[in-house]
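Working notes for the structure below.
The values are calculated or read from the model by the stated rules, or taken from the named source; none is laboratory data. Bear in mind that the values here come from a model prediction, so they are computed numbers and not experimental data. In this analysis, Cβ positions are derived from the backbone assuming ideal geometry, glycine residues included, and neighbour counts consider all displayed protein chains.
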Amino acid sequence: MPDMQAEPTQPQAGDATLAGPAQWQAALLACIGAAAAAPESPLVFCSPRFADWPLSQTPVLQALQHWAGRNRRLVLIANEFDTLVRQQPRFLAWRQQWDAIITGRKVMRSFQNDTPSFAWCPAYSVWLTNAERLRGIAGTDAAWRSQLAELVDEWRERRSVNGFAASTLGL
């Protein structure tokens with residue numbers, strides 16, 4: 001079990017480095033594709049605001065549609081979801097369709113200055129080392145993915161709480 005007082009650090013290795021929007025989108029698609037290739041493979045996406053994520057672009061939505069189905073789980077972790085709502089309308093429509101398999105989690109205020117940007121599935125992972133410039137590392141290296149899995153669990157289980165319903169019902 002990770003030390004609750006220790007700050008998670010970013011992973012130190014991967015198979016490839018990426019720089020810029022095209023490589024970031026290709027790495028995100030590779031992560032979704034790896035999850036689609038494995039039965040019951042979960043996905044976890046984490047970002048402070050998802051501002052530079054290509055979630056509403058057709059190739060990403062098609063990949064997510066191919067991945068989605070029974071026994072799948074997508075967890076979205078963010079400091080706030082307002083930017084996602086404003087900038088990703090096509091993704092939000094897809095999310096409403098697949099609400100049963102998608103969980104939104106909001107980062108607790110005390111951890112919001114440290115929120116990383118990553119896309120994770122058990123077989124392939126992407127970690128943005130500089131989210132503003134879309135620079136990072138990606139790959140399938142087993143030791144690196146194991147290290148990242150611990151960080152994913154830390155952010156999913158201990159640094160965030162349920163939030164961001166797919167729809168709100170008024171009375």
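At a glance:
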| quantity | calculated |
| --- | --- |
| From Ala30, Ala36, residue being more than 20 Å from Arg135 (Cα to Cα), of a type in the set (Gly, Ala, Ser) and either buried (at least 19 other Cβ atoms within 10 Å of the Cβ) or touching a Lys or Arg at 6+ places or on another chain (Cβ under 7 Å) (or both) | Ala36 |
| Criterion (modelled with pLDDT of 90 or more, crowded, with 18+ Cβ neighbours inside 10 Å and not polar (S, T, N, Q)) met by exactly one of Trp120, Trp98 | Trp120 |
| Subset of segment 36-67 that is assigned to a loop (DSSP other than H, G, I, E, B) and polar (S, T, N, Q) - its residue that is modelled with the lowest pLDDT | Ser41 |
| Segment 98-125, subset among the small types (Gly, Ala, Ser) and not in a strand (DSSP E or B), residue nearest to Gly136 (Cα to Cα) | Ala123 |
| Test result for Ala131, under 26 Å from Thr58 (Cβ atoms) and modelled with pLDDT under 90 | yes |
| Any pair with Cβ under 7 angstrom, 6 or more apart, that starts in segment 87-115 at a residue that is farther than 14 Å from Leu76 by Cα and ends at one that is among the aromatic types (Phe, Trp, Tyr) and in a helix (DSSP H, G or I) | none |
| Test result for Ser167, of a type outside the set (A, V, I, L, M, F, W, C), loosely packed, with under 15 Cβ neighbours inside 10 Å and at pLDDT below 90 | yes |
| Matching entry among Arg90, Arg86, Arg95 (being part of a helix (DSSP H, G or I) and in contact with a strand residue (DSSP E or B) (Cβ under 8 Å, 6 or more places away or on another chain)) | Arg95 |
| Residues of segment 127-149 classified as in contact (Cβ under 8 Å) with a residue 12 or more places away in the chain and more than 23 Å from Glu80 (Cα to Cα), total | 9 |
| Verdict on Ser56 being touching a residue at least 24 places away in the same chain (Cβ under 8 Å), in contact with a Cys (Cβ under 7 Å, 6 or more places away or on another chain), among the hydroxyl-bearing types (Ser, Thr, Tyr) and closer than 17 Å to Trp98 by Cα | no |
| Candidates Asp3, Asp15, filtered to the one that is in contact with a strand residue (DSSP E or B) (Cβ under 6 Å, 6 or more places away or on another chain) and at pLDDT below 95 | Asp15 |
| Test set (1) of a type outside the set (Ser, Thr, Tyr); (2) farther than 23 Å from Thr140 by Cα; (3) modelled with pLDDT of 95 or more - Arg70 fails condition number | (3) |
